[in-house]
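The values are calculated or read from the model by the stated rules, or taken from the named source; none is laboratory data. Just so you know, these numbers come straight off a predicted model, no measurement behind them. Don't worry about glycine lacking a Cβ; one is built from the backbone with ideal geometry, like all the others, and counts go over all protein chains shown. Keep in mind that these areas ignore ligands, DNA and RNA; they rest on the heavy atoms of the full protein, side chains included. Shrake-Rupley method; radii C 1.70, N 1.55, O 1.52, S 1.80 Å.
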Amino acid sequence: MLFTSISFLYYFLPALIIIYFITPKKYKNIILLIASLLFYLYGEPKYVFLMIAEIIIAYIGAILIDKYKNQSKNILITTLFIHVFLLIIFKYTDFIIQAINDISNANIKLLNIALPIGISFYTFQIISYVIDVYNGKVKVQKNIINLATYVSLFPQLVAGPIVRYQTVEKELDDREHSFNNFAYGIRRFSIGLAKKVLIANALGELCTKAFALNETTVIFYWIFGISYMLQLYFDFSAYSDMAIGLGRIFGFHFPENFNYPYIAKSITEFWRRWHISLGTWFRDYVYFPLGGSRVSSKGRLVFNLFVVWMLTGIWHGASWNYVAWGFFYFVLLTFEKLTGIPKKLAHTWQKVLYRIFTLLCVMFGWVVFRAPGLKMGLSYIRSMFCLNGNAFADTASLNLIGSYALVAVLGIVFCMPVAGFVRKKIPENPKAQLAAEICTRVICLVLLAISCSFAVSSSYNPFIYFNF
């Protein structure tokens, strides 16, 4: 079920809010659990049982880790192995078979296993919970309803952010329901919905139409690169905004997942701002356990970065272009780590050039990320620089720019912290602050109304990260 669908906006969410808030406190988690399972069941009828099985395995594994301290490491390894094995089976089986076929010239038949929506996200949440129980960072959850609610909570179930158990541990048992939380949740949800249906969907249509033209001009590939770069940000950050807003409505404080990544001054800073919950997950559960950057040799540092970025690439999908995408960032981040750039850049012009370099690298990475294969992705990049003998421009490409110029400009403007800039310009007196707050709420309500009407009529509506 999509957050932007009629069934969610007009039926599921209003009904759930009414039922949830008239239900006594001790039964609220049960209501959320049932709603979350129904939400998942709507899109993945058979794979809901896989998620339930993984929850039960994590529940038993964590209890055994807590109870049998002398065997806790073996129990942890076994529990993690089961969850990782299931992730590999459902997400990477065909990729592994195809790799074997390519290397050995075998002809093993692909199994064509459908990818369960959200498995990458909820598996990582389960893994973080079990590891944190083992390390004593959180208490074992002996109420299976609470654990199941945490894992299956519908706002962040299928596309994040990846919420650590320790983030919501206390709120599973005791959370605040207030008008301020509810109002903030609606406001944040409205912003996310507007980003998705008014900007991301339009940019998605632009990318689709660009490919439908079958053009190979330089301008075409740059239109595609910039449009997809913006679409991916507004699509994924919109989902995170809506997830955070929905979580707040029901009393949960989910972590921020994006912080204007396209204003980053370096590749390292970009990854501190993009998909924050994934980056911090790999940092805390892979990079730091390997030794992080506090190692005795540069060779070990490079190895640690290599492992993290190969895993980050393959986490996004079972394809060689994702592996190449991860390796690309491994090279860039290793370069920054070993050279100390951009900290060494002293002049403004140097910093500006490096910021442009960062944006170009990110865009080239997204081009490979979006391409149907690694060879095609590299071909797209060559075409951006007229290295495939393609023409610079044609009428169709220029017409496409004119048709979508407004949405592209809006995308560029609002991927920067415009709201924060405006907020700082408001005088710090009670009347001005009150007027600003009223205007904000009115704008959000207007955006909600417009977005709902667009969501009803939109023919292009998928969330990109549902695929990962």
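Give me D for segment 52-124 in µm² s⁻¹, whole number, from Stokes-Einstein with Rh from the Kirkwood sum over alpha-carbon pairs, 4 °C and 1.567 mPa s. Don't jump to the answer; show the numbers that get you there.
On the way: Rh = 14.1 Å.
In µm²/s, the coefficient is 92.
Model label sites at residue 96 and residue 30, defined 7 Å from Cα along the beta-carbon direction, differ in position by 4.1 nm. Estimated purely from DSSP H runs of n ≥ 4, each contributing -39500 (n - 2.57), the mean residue ellipticity at 222 nm for the chain is -22500 deg cm²/dmol once divided by its residues. Segment 200-336 gives an Rg/Rh value of 1.03, both radii derived from C-alpha positions and Rh following Kirkwood.
For the pairs 91/209; 265/343; 298/337; 91/375; 195/431, note any where the Cα-Cα span goes beyond 20 Å.
Going by Cα-Cα distance, 91/209; 91/375; 195/431 fall outside the 20 Å limit.
Its alpha carbons give the chain an Rg and a Dmax of 23.3, 74 Å. Gyration tensor over the Cα atoms of segment 104-146: the corresponding equivalent ellipsoid has semi-axes (square roots of 5 times the eigenvalues, largest first) of 36, 14, 8 Å.
The length gained by stretching the chain between residue 356 and residue 387 to full extension, at 0.36 nm per residue less their Cα-Cα distance, is 9.0 nm. Segment 335-360 and segment 170-233 have Cα centres spaced 28 Å apart.
Just subtract the alpha-carbon distance of residue 307 and residue 137 from 0.36 nm times their residue separation and send over the number in nm, one decimal.
Residue separation times 0.36 nm, minus the Cα-Cα distance, leaves 58.7 nm.
Using a probe of 1.4 angstrom and keeping all protein chains present, the accessible surface of the chain works out to 48 square angstrom per residue.
On the principal axes of its alpha carbon atoms, segment 35-90 extends 43, 25, 10 Å, with the longest extent given first.
Rule-of-thumb check for segment 235-281: C-alpha Rg over 2.2 N^0.38 Å? Write out the running numbers ahead of the final one.
Details: Rg = 11.6 Å, N = 47, 2.2 N^0.38 = 9.5 Å.
Relative to the rule-of-thumb radius for its length, segment 235-281 sits at 1.22.
At q = 0.11, 0.13, 0.17, 0.26 Å⁻¹, what log₁₀ I(q)/I(0) does segment 153-240 have when each alpha carbon counts as one equal point scatterer in the Debye sum? Relative scattering, expressed as log10 I(q)/I(0), comes to -0.47, -0.60, -0.82, -1.24. Based on Cα atoms of segment 152-202, Rg over Rh with Rh as the Kirkwood radius reads 1.05.
Across the chain, the longest piece that holds none of the trypsin sites (Lys or Arg not before Pro) lying in DSSP loops with up to 13 other C-beta atoms within 10 Å covers 143-293.
Where the only charges are on Cβ atoms (+1 Lys, Arg; -1 Asp, Glu), what is the dipole of the chain about its Cα centre, to the nearest 20 debye? Before the final figure, lay out each step's value.
Working: 41 positive and 22 negative charges, 242 e Å.
I would put it at about 1160 debye.
With the convex hull of the Cα atoms taken as the outline of segment 77-224, the averaged projected area works out to 14.6 nm². Computed log10 I(q)/I(0) for segment 21-164 at 0.08, 0.19 Å⁻¹: -0.27, -1.11, from the Debye equation with unit scatterers placed on every C-alpha and solvent omitted.
Note on residue 410 and residue 145: the model spin-label points, each 7 Å out from Cα along the C-beta direction, lie 4.4 nm apart.
What part of the accessible area of segment 10-140, given as a whole %, is carbon or sulfur when the probe is 1.4 angstrom?
Numbers: 4870 of 7090 Å².
Carbon and sulfur: 69 percent of the exposed surface of segment 10-140.
Scaling against 2.2 N^0.38 Å puts the C-alpha radius of gyration of segment 368-440 at 1.90.
With kT/(6 pi eta Rh) evaluated at 37 °C and eta = 0.692 mPa s, and Rh the Kirkwood radius from Cα pairs, segment 311-468 diffuses with a coefficient of 162 µm²/s according to Stokes-Einstein. What the Cα atoms of segment 1-106 give is an Rg and a Dmax of 19.8, 62 Å.
Full extension from residue 338 to residue 450: what is 0.36 nm times the residue separation minus their Cα-Cα distance, to one decimal in nm? Length difference between fully extended and current span is 35.4 nm.
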